[in-house]
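Input: a single structure, listed below in structure tokens.
The values are calculated or read from the model by the stated rules, or taken from the named source; none is laboratory data. If you're wondering where the values come from, they're calculated on a predicted model, not measured in any experiment. Positions of Cβ are generated from backbone atoms using ideal geometry, with glycine treated the same way; all protein chains shown enter the neighbour counts. Accessible surface is based on the protein model in full, side chains and every heavy atom, while ligands, DNA and RNA are left aside. Shrake-Rupley method; radii C 1.70, N 1.55, O 1.52, S 1.80 Å.
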Amino acid sequence: MTTTTPHADPQPSPWVRRWTPLVADGATVLDVACGRGRHMRWFAERGHAVTGIDRDADALAVARAWGTVVQADIENGPWPLPGQRFGAVVVTNYLWRPLMPTLLDAVAPGGVLIYETFADGNQTVGKPSRPDFLLQPGELLRACAGPGWRVVAYEDGFLPSPERFVQRMAAVRLGGVAVKDPPRYPL
């Protein structure tokens, strides 16, 4: 029996698929730590212009089929897209806390942050196990706790196959076009 890790799964995350309807038609999408581009492909197939960032040149050679790729070490070098904003920023299986303000700023007003990564507790079932790579309880909620964000969905718990603890969130950056009625985010 072969166990598939979330990093190796070529299919888009069920969380990303579930919250894709929050992304406006034709909005640009940034996939952070995109790897081979499973989420780039997902959004490109839905008509979005997609940009992926990763440090792995071999992975980006595959991801390039779905959009623009940027090779950069975003943990040790400068942010490669200063001032650019996207209709959606997607982050899965990646955490570098010093980058969080930059990622939030990369979401355009009215845009969406879809984030899913490992959480505290994962050290009991496998890798990653270092606290530096595990979200603490409520950490994503606190990141988007300000008045400029509307958290549409949040989960913090355990997934059985493969076994892992995750924290995930879909949040909309407020602003942009004024509306008469409150937005209706489909659940």
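Of the residues making up the range 18-34, those that are in contact with a strand residue (DSSP E or B) (Cβ under 7 Å, 6 or more places away or on another chain) and either touching a residue at least 40 places away in the same chain (Cβ under 8 Å) or among the charged types (D, E, K, R) (or both) are 19, 22, 23, 24, 27, 28, 29, 30, 31, 32, 33. In summary, residue 117 fulfils each of the numbered conditions (1) under 13 Å from the mean Cα position of the chain (by Cα); (2) part of a strand (DSSP E or B); (3) more than 24 Å from residue 77 (Cβ to Cβ) with the single exception of condition (3). Can you pull out the residues in the range 135-164 that are part of a loop (DSSP other than H, G, I, E, B) and surrounded by fewer than 20 Cβ atoms within 10 Å (Cβ to Cβ)? Within the range 135-164, 136, 137, 138, 145, 146, 147, 148, 161, 162 meet the criteria. Residues that are farther than 12 Å from residue 91 by Cα, modelled with pLDDT of 95 or more and either of a type outside the set (A, V, I, L, M, F, W, C) or buried (at least 20 other Cβ atoms within 10 Å of the Cβ) (or both) within the range 1-37 comprise 14, 17, 18, 19, 20, 21, 22, 23, 25, 26, 28, 36, listed in sequence order.
To keep it simple, each residue is scored yes or no on (1) over 15 Å from residue 107 (Cβ atoms); (2) without any contact (Cβ under 8 Å) to a residue 40 or more places away in the chain; (3) open to solvent by less than 50 Å² (accessible area, probe 1.4 Å).
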| site | (1), (2), (3) |
| --- | --- |
| 39 | yes, no, yes |
| 45 | yes, yes, no |
| 49 | yes, yes, no |
| 56 | yes, yes, no |
| 66 | yes, yes, no |
| 70 | yes, yes, yes |
| 74 | yes, no, yes |
| 77 | yes, yes, yes |
| 82 | no, yes, no |
